[in-house]
1. Say we look at the stretch 78-106 and pick out the residues that are assigned to a loop (DSSP other than H, G, I, E, B) and among the charged types (D, E, K, R); which of these is farthest from Thr205 (Cα to Cα)?
2. Taking the stretch 132-172, which residues are among the aromatic types (Phe, Trp, Tyr) and either free of Cβ contacts under 8 Å to residues at least 12 places away in the same chain or out of contact with any His (no Cβ under 9 Å at 6 or more places or on another chain) (or both)?
3. Within the stretch 26-60, can you find the residues that are of a type in the set (Val, Ile, Thr), under 21 Å from Asp85 (Cα atoms) and either exposed (fewer than 13 other Cβ atoms within 10 Å of the Cβ) or modelled with pLDDT of 90 or more (or both)?
4. Can you name every residue in the stretch 60-104 that is touching a strand residue (DSSP E or B) at 6+ places or on another chain (Cβ under 7 Å) and among the aliphatic types (A, V, I, L, M)?
5. Evaluate the stretch 147-155: report whether one residue or more is on the phi < 0 side of the Ramachandran plot, touching a Pro at 6+ places or on another chain (Cβ under 8 Å) and not in a strand (DSSP E or B).
Amino acid sequence: MKQFAFIIFSLIYLNYFAQEVDAKAKAILDDLSKVTKTHKTVTADFNIITYNKDKKQTEKPQACKVQVKGSKFRLEIPGNVIVCDGKTIWNHNKDAAEVTIKTFDASNDDQLSPTKIFTIYETGYKYKFDKEEKVGAIMCNVVDLYPTVKPEKKKFHTIKLYIDKIKKQVVLLKQLMKDGSTQVIEIKTFKSNLEIADASFVFDTKNFKPDQIIDERD
């Protein structure tokens, strides 16, 4: 009987503790959301680093740059420039000297949208506070995100968000992949509310020949 009572007490305690952990994660994410929503524009430089299942870096970091203004974005990654005005998305493949044009669908996970880097936690995930950890000299809260919408179709099982405790912004994002590898997005510089002309989010194709443009819009 005493053992049964102890088990019940343990379950109650663990359930209470889990709720407290989730509450802490929610408070951290709520603060992040409040700060993020004050940003009319975002300009950031970041690295993408991939590690295999043995935690060995598979290639040198890819230096990238992104500009975001509402639903519009401009993403520069090695070999590609991806531009979106919120309705149309252009992908300029520099190596192939081609531009692919598609209708942009923000709900389509197969279409890359860097705006999700800063708001990925808002929908389709459950969350849990993990720990406090330093990234360089920055003390961060680490919150784990677990996909709840069609998780079986995701290539990852967990996203770890490293959030600056003082500035309330993401400084590091880790995707833990189902094959054991890890993809890291490391924010190097972050500037908000700079003036960015709307023309930055439209790709000019006038210097391309017709056979270099692949228009997949309906």
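The values are calculated or read from the model by the stated rules, or taken from the named source; none is laboratory data. Note that this is a predicted model, so its numbers are computed, not measured. In this analysis, Cβ positions are derived from the backbone assuming ideal geometry, glycine residues included, and neighbour counts consider all displayed protein chains.
1. Filtering the stretch 78-106 for residues assigned to a loop (DSSP other than H, G, I, E, B) gives 78-79, 85-87, 94-97, 104-106.
So of that shortlist, the ones also among the charged types (D, E, K, R) come out as 85, 87, 94-95, 105.
Values: Asp85: 14, Lys87: 16, Lys94: 13, Asp95: 16, Asp105: 21 Å.
Result: Asp105.
2. Residues of the stretch 132-172 that are among the aromatic types (Phe, Trp, Tyr), as a first pass: 146, 156, 162.
Phe156, Tyr162 - these are the residues of the stretch 132-172 that are among the aromatic types (Phe, Trp, Tyr) and either free of Cβ contacts under 8 Å to residues at least 12 places away in the same chain or out of contact with any His (no Cβ under 9 Å at 6 or more places or on another chain) (or both).
3. Across the stretch 26-60, the qualifying residues are Thr38, Thr41, Val42, Thr43.
4. Ala63, Val66, Val68, Leu75, Ile77, Val81, Ile82, Val83, Ile89, Val99, Ile101
5. Looking for residues that are on the phi < 0 side of the Ramachandran plot, touching a Pro at 6+ places or on another chain (Cβ under 8 Å) and not in a strand (DSSP E or B), one finds at least one in the stretch 147-155, hence yes.
Rundown of residues vs (1) outside any loop (DSSP other than H, G, I, E, B); (2) within 22 Å of Tyr121 (Cβ to Cβ); (3) free of Cβ contacts under 8 Å to residues at least 60 places away in the same chain, yes/no style:
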| residue | (1), (2), (3) |
| --- | --- |
| Lys174 | yes, yes, yes |
| Gly180 | no, no, no |
| Ile185 | yes, yes, no |
| Lys188 | yes, yes, no |
| Lys191 | yes, yes, no |
| Ile196 | no, no, no |
| Lys206 | no, no, yes |
| Arg217 | no, no, no |
